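Student: Can you keep this structure in mind? I'll have questions shortly.
Nothing in this text is a laboratory measurement; each read-out follows from the coordinates by a stated rule. All of these numbers come straight from a predicted model, not from anything done at the bench. Note that each Cβ is placed from the backbone with ideal geometry, even for glycine, and that neighbours are counted across all protein chains shown.
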Amino acid sequence: HIITSLAVIFVFSALFLIIFPQLFDCESQARSIELPDGRLIPLKCHWSAVAEVAVGIPLLASGVLLLFNKQRSVKISMGVVGIVLGVMAALIPAYLIGVYGTASMICRMIMLPAILLASGLVVLAGVAVVILAASRNETVNVAQQRIS
C-alpha cells in the first residue's frame, strides 16, 4: 500500500507541475518584454512553465503505471523514471531555462520554490519506490504456473 501512496504522489505532483506554473509565470500576470518594433515576447519563466508540461506528462503516465501494475521490475523502472523526471523538473526553472531575475517577480517568489518543492517530493518518492520495490521478495510458485 505504501507504493500505491507513492504513485498517488507522482500523479498529483505531475498534475501540479503541468498546471501550477501556467498560472504563476510572468505572462499570466500580463508581463512580457516589448521589442523596439512593438512586438511582445514572453519572459523565460513562461518557457520554463511550458517545459514543465513536457516533464509532467510522462510523470503522470509513470504514476498511473505505478498505480496499476503489479510487476516488480515495472515498479523499479517507474521509480527510476520518477527520479529522473523530478530532477529535470527542478533543473528547468533553476538552471536550464530559468525564471526572471528580479526577486519581486511572481515567477521567482512563487513558481520557482513551488516547482523545486514538488520536484524534490517526486525525487524522494521515486527513491522510496525503488528501495521498496527492490527489497520485496518475489516468490514464484512453480506448481501454479501453466506449461504451455
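Student: In square nanometres and to one decimal, what's the mean projected area of the convex hull around the Cα atoms of region 59-103? Walk me through the numbers on the way to the answer.
Tutor: Working: hull surface 14.9 nm².
Reported value for the Cα convex hull: 3.7 nm².
Student: Given the Cα atoms of the chain, and with Rh set as the inverse mean 1/r over their pairs in the Kirkwood sense, what is Rg to Rh to two decimals?
Tutor: 1.17
Student: Would you work out which of TYR95, LEU116, ILE83 lies farthest towards the positive end of the dipole of the chain, given +1 charges on the beta-carbon of Lys and Arg and -1 on that of Asp and Glu, about the Cα centre?
Tutor: In the chain, that residue is ILE83.
Student: Related question: Given a Förster distance of 22 angstrom, what is the FRET efficiency for ILE131 paired with ASN69, based on the Cβ-Cβ distance and rounded to 0.05?
Tutor: On the way: r = 18 Å, r/R0 = 0.80.
That gives a FRET efficiency of 0.80.
Student: Now, a different point. Sorted from largest down, give the three principal axis spans of the alpha carbons of region 26-78, whole angstrom values.
Tutor: Principal extents (Cα only, largest first): 58, 16, 11 Å.
Student: Let me ask you something else. Summing Lys, Arg as +1 and Asp, Glu as -1, what charge do residues with Cβ under 10 Å from the Cβ of ALA134 carry, ALA134 excluded?
Tutor: +3
Student: A follow-up question, please. Hey, if you put +1 on the Cβ of every Lys and Arg and -1 on every Asp and Glu Cβ in the chain, which of ALA30, SER135, VAL11 ends up farthest toward the positive end of that dipole?
Tutor: Farthest towards the positive pole: SER135.
Student: Would you calculate the separation in nanometres between label points at THR102 and LEU35, each defined as 7 Å from the Cα along the Cα-to-beta-carbon direction?
Tutor: Distance between the two pseudo-spin positions: 2.1 nm.
Student: Explain nothing, just the number: dipole magnitude of the chain about its Cα centre with +1 on each Lys and Arg Cβ and -1 on each Asp and Glu Cβ, in debye rounded to the nearest 20. Please list the in-between numbers first.
Tutor: On the way: 9 positive and 6 negative charges, 115 e Å.
Dipole of the chain, to the nearest 20 debye: 560 debye.
Student: Report the gain in length on full extension from ILE19 to ILE2: 0.36 nm times residue separation, minus Cα-Cα distance, nm rounded to one decimal. It would help to have the intermediate numbers written out before the result.
Tutor: Numbers: separation 17, 0.36 × 17 = 6.12 nm, distance 2.59 nm.
Extra length from ILE19 to ILE2 when fully extended: 3.5 nm.
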